[in-house]
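K.L.:
Below is one structure. I have some questions about it.
The values are calculated or read from the model by the stated rules, or taken from the named source; none is laboratory data. The structure displayed is predicted, hence computed values, not measured ones. Cβ atoms come from the backbone with ideal geometry, glycine included; neighbour counts cover every protein chain shown. These area figures cover heavy atoms from the full protein model, side chains too; ligands, DNA and RNA do not enter into them. Shrake-Rupley method; radii C 1.70, N 1.55, O 1.52, S 1.80 Å.
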Amino acid sequence: MTPITYELIKTCKQTGARLGRVHTPHGSFDTPTFMPVGTLATVKTMSPEELKNINANIILSNTYHLWLRPGEDIVREAGGLHKFMNWDGAILTDSGGFQVFSLSDMREIKEEGVHFRNHLNGEKLFLSPEKAMHIQNALGSDIMMAFDECPPYPATYEYMKSSVERTSRWAERCLEAHGRPQDQGLFGIVQGGEYEDLRKQSARDLVSLDFPGYAIGGLSVGEPKDVMNRVLEFTTPVLPSDKPRYLMGVGSPDSLIDGAIRGIDMFDCVLPTRIARNGTCMTSKGRLVVRNAKYARDFGPLDENCDCHVCKKYSRAYIRHLIKCNETFGFRLTTYHNLYFLVKLMGQVRKAISDDRLGDFKEDFFEQYGLNKPNAKNF
């Protein structure tokens, strides 16, 4: 019996988007959903209690970073990641593959794994499918990710074909090395760049291995959004309808809606927390850079249509002051607001699917958000 199951509740008649529920050993969550990113066993500036307050039911942590600091053995000794960070909801850990390819310039990809250098101190390291499974088993996450190669964008067809074949072989090794299949689910990751035949081949390879869920990787890495949407349109139909689908590294409001319309159930991204620390906020009317001088005497909320406690209690002028002074409380307020905004947005998406009107919701949201204007500013 797999520890991760997907329950399809409804399909939107207007768009085909899915309303569902994913069941894990640490609770269930409704989909489509956005997962806040807690790279180092913490969502930056947020407490677990605050994450609960905004109705986040699953968060993501990072295998590579926790391997380096504090080390998987310490997390295991603490009783696993849930106890270590005092989070009783679901946790997904990525495999570390993306960080190996994005943080280290000195790397050598071989069939056995990847040789690279620690981005903190230059130490030589080696990560393989087996090692990635060992670390994630020690961390004790509910959902683990297979170790894959994350190719650069753009990449030639020949390179991508070889990469996809290697990722499929690595996925088999991950399944063989998975030491806790009874209480940790393992998702495969579909690669293939923008090439339709390679994406479909990657998906078919992984589906044949019968993972309890599937991620789509290698998107939101610099390609135009219409390319990402096109890839989703020919990839998600190849994935099983009775298992969750996860689009990795996507967090802008328009892409969350577009992804849901194309059959995606789960999303994650550092975007809302990263831009918050620069004073950039997501609002119902679009992007707001609260650190700008024009808000110095603006005593209104970040978003007049938002009911989060930040918008109820604090003004743009005060938050701007904190951000300009590098006060941590300012970063906390903008982070809370941005995560609240995205979690609430996904709740609105689920309601629109339930009401068979996600297409109408998208049109209304894009209009209000300013995404229908020429040269609209996005994230």
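K.L.:
Where a ≥ b ≥ c are the square roots of the eigenvalues of the C-alpha gyration tensor, would you call segment 293-339 rounded, which needs a/c under 1.5, or, failing that, prolate if a/b is larger than b/c, or oblate?
P.N.:
The shape class here is oblate.
K.L.:
Still on this structure: Which cysteines does the chain leave without a neighbouring Cys Cβ under 4.7 Å?
P.N.:
Lacking a cysteine Cβ partner under 4.7 Å: 12, 150, 174, 269, 281, 308, 325.
K.L.:
Could you work out the helix-only [θ] at 222 nm for the chain, with each DSSP H run of four or more residues adding -39,500 (n - 2.57) and the total divided by the number of residues, to the nearest 500 deg cm²/dmol? Walk me through the intermediate numbers first.
P.N.:
On the way: 15 runs with 153 residues, N = 379.
Result for the chain: -12000 deg cm²/dmol, rounded to the nearest 500.
K.L.:
Pairing the Cα long axis of helix 358-369 with the longest principal axis of the chain, what angle in degrees results, from 0 to 90 and rounded to the nearest 10?
P.N.:
It is inclined by approximately 50 degrees.
K.L.:
Test of understanding: extend the Cα→C-beta vector of residue 11 to 7 Å, then name every residue of segment 235-275 with backbone N under 12 Å from that spot.
P.N.:
Within reach of a label on residue 11: 237, 241-242, 263.
K.L.:
Using the Karplus curve 6.51 cos²θ - 1.76 cosθ + 1.60 with θ = phi - 60°, what ³J(HN,Hα) values do you get for each residue of segment 224-229, in whole Hz, with x for Gly and Pro?
P.N.:
For segment 224-229, the Karplus-derived couplings read x, 5, 5, 5, 4, 5 Hz, x marking Gly and Pro.
K.L.:
If you build the Cα gyration tensor of segment 8-102 and take the root of 5 times each eigenvalue, what three semi-axes come out, in whole angstrom, biggest first?
P.N.:
On the way: eigenvalues 151, 52, 29 Å².
Semi-axes (√(5λ), whole Å): 27, 16, 12.
K.L.:
Report Rg/Rh for segment 274-379, rounded to two decimals, where Rg is the Cα radius of gyration and Rh the Kirkwood radius.
P.N.:
Working: Rg = 14.5 Å, Rh = 14.4 Å.
Result: Rg/Rh = 1.01.
K.L.:
Step through the residues of segment 44-53 one at a time and calculate ³J(HN,Hα) from phi using the Karplus curve (6.51 cos²θ - 1.76 cosθ + 1.60, θ = phi - 60°), rounding each to whole Hz and writing x for Gly and Pro.
P.N.:
So the Karplus estimates, Gly and Pro as x, are 3, 6, 10, 8, x, 5, 5, 4, 5, 4 Hz.
K.L.:
Suppose R0 equals 35 Å. What FRET efficiency, 1/(1 + (r/R0)^6) with r the Cβ-Cβ distance, do residue 372 and residue 40 give to the nearest 0.05?
P.N.:
My answer for the efficiency is 0.35.
K.L.:
By how many degrees, between 0 and 90 and to the nearest 10, does the Cα long axis of helix 157-177 differ from the longest principal axis of the chain?
P.N.:
The angle comes out near 80 degrees.
K.L.:
Another question, if that's okay. Computed FRET efficiency, Cβ-Cβ of residue 121 and residue 55, R0 35 Å: what is it to the nearest 0.05?
P.N.:
0.35
K.L.:
By accessible area of protein heavy atoms, probe 1.4 Å, what ranking do 226, 298, 105, 258 get, highest first?
P.N.:
The residues order as 105, 226, 298, 258, largest area first.
K.L.:
Taking every DSSP beta bridge with both residues inside the chain, roughly what % is antiparallel (nearest 5)?
P.N.:
So the antiparallel bridges amount to about 50 percent of the total.
K.L.:
Restricting everything to alpha-carbon atoms, can you work out Rg to Rh for segment 141-237 with a Kirkwood hydrodynamic radius? It would help to have the intermediate numbers written out before the result.
P.N.:
Working: Rg = 13.3 Å, Rh = 13.6 Å.
Expressed as Rg/Rh, it is 0.97.
K.L.:
Let me ask another. Work out, step by step, the length gained on full extension between residue 234 and residue 28: first 0.36 nm times the residue separation, then minus their alpha carbon distance; give nm to one decimal.
P.N.:
71.3 nm
K.L.:
Please report the antiparallel percentage of DSSP beta bridges with both residues in segment 211-291, rounded to the nearest 5.
P.N.:
So the antiparallel bridges in segment 211-291 amount to around 45 percent.
K.L.:
Let me ask something else about it. Which of the three applies to segment 327-377, rounded, prolate or oblate, going by the alpha-carbon gyration tensor with a ≥ b ≥ c and a/c under 1.5 meaning rounded?
P.N.:
Working: a/c = 5.68, a/b = 1.48, b/c = 3.83.
Cα axes put segment 327-377 in the oblate bin.
K.L.:
Taking the chain as the reference, fit the longest principal axis to its C-alpha atoms, fit the long axis of helix 328-354 to the helix C-alpha atoms, and give the angle between the two in degrees, 0 to 90, nearest 10.
P.N.:
80
K.L.:
Of 13, 110, which has the most accessible area and how do the rest follow, probe 1.4 Å?
P.N.:
13, 110
K.L.:
Here's another thing I want to ask about it. Taking the Cβ of residue 166 as the center, what net charge do the other residues with Cβ under 12 Å away carry, scoring Lys and Arg +1 and Asp and Glu -1?
P.N.:
Once positives and negatives cancel, what remains is -3.
K.L.:
If you put +1 on each Lys and Arg Cβ and -1 on each Asp and Glu Cβ, how big is the dipole of the chain around its Cα centre, in Debye rounded to 20?
P.N.:
1400
K.L.:
Note down the magnitude of the dipole of segment 249-379 about its Cα centre, charges +1 on Lys and Arg C-beta and -1 on Asp and Glu C-beta and zero elsewhere, to the nearest 20 debye. Kindly include the intermediate steps, with their values, before the conclusion.
P.N.:
Working: 21 positive and 15 negative charges, 160 e Å.
I would put it at about 760 debye.
K.L.:
Next question. Could you pull the accessible area for residue 81 with a 1.4 Å probe, rounded to 10 Å²?
P.N.:
Rounded to the nearest 10, the figure is 0 Å².
K.L.:
Computing the accessible area with a 1.4 Å probe over protein heavy atoms, can you report the carbon and sulfur percentage for segment 31-181?
P.N.:
The nonpolar share, carbon plus sulfur, comes to 50 percent.
K.L.:
Under Stokes-Einstein, with the Kirkwood radius over Cα pairs standing in for Rh, what whole-number D in µm²/s applies to segment 107-182 at 20 °C and 1.002 mPa s?
P.N.:
It comes out at roughly 158 µm²/s.
K.L.:
Which of 98, 302, 74 sits farthest toward the positive end of the charge dipole of the chain, with +1 on the Cβ of Lys and Arg and -1 on the Cβ of Asp and Glu?
P.N.:
The residue sitting most towards the positive pole is 302.
K.L.:
Would you please put 320-329, 191-200 in order of how densely packed they are, using the mean number of other Cβ atoms within 10 angstrom per residue and starting with the highest?
P.N.:
191-200, 320-329
K.L.:
Here's a follow-up. Points 7 angstrom from Cα along the Cβ direction at residue 294 and residue 83: gap in nanometres?
P.N.:
Each label point is offset 7 Å from its Cα along the Cβ direction, giving 5.3 nm.
K.L.:
While we're looking at this one, here's another question. Tally Lys and Arg at +1 and Asp and Glu at -1 over the other residues with C-beta under 13 Å from the C-beta of residue 306: what net charge comes out?
P.N.:
Summing Lys and Arg as +1 and Asp and Glu as -1 gives +2.
K.L.:
Another question, if that's okay. Could you work out the percent of alpha carbon pairs in segment 216-358 separated by over 26 Å, rounded to a whole number?
P.N.:
For segment 216-358, the fraction of Cα-Cα distances above 26 Å is 33 percent.
K.L.:
Please work out the ratio of the alpha-carbon Rg of the chain to 2.2 N^0.38 Å and round it to two decimals.
P.N.:
Scaled against compact globular proteins, the figure is 0.97.
K.L.:
Per residue, how many Å² of accessible area does segment 226-375 show with a 1.4 Å probe?
P.N.:
42
K.L.:
In addition: Going by the alpha-carbon gyration tensor, a ≥ b ≥ c the square roots of its eigenvalues, is segment 1-159 rounded (a/c under 1.5) or, if a/c is not under 1.5, prolate (a/b greater than b/c) versus oblate?
P.N.:
Oblate.
K.L.:
Can you give the accessible area of residue 67 in Å² (nearest 10), computed on protein heavy atoms with a 1.4 Å probe?
P.N.:
40
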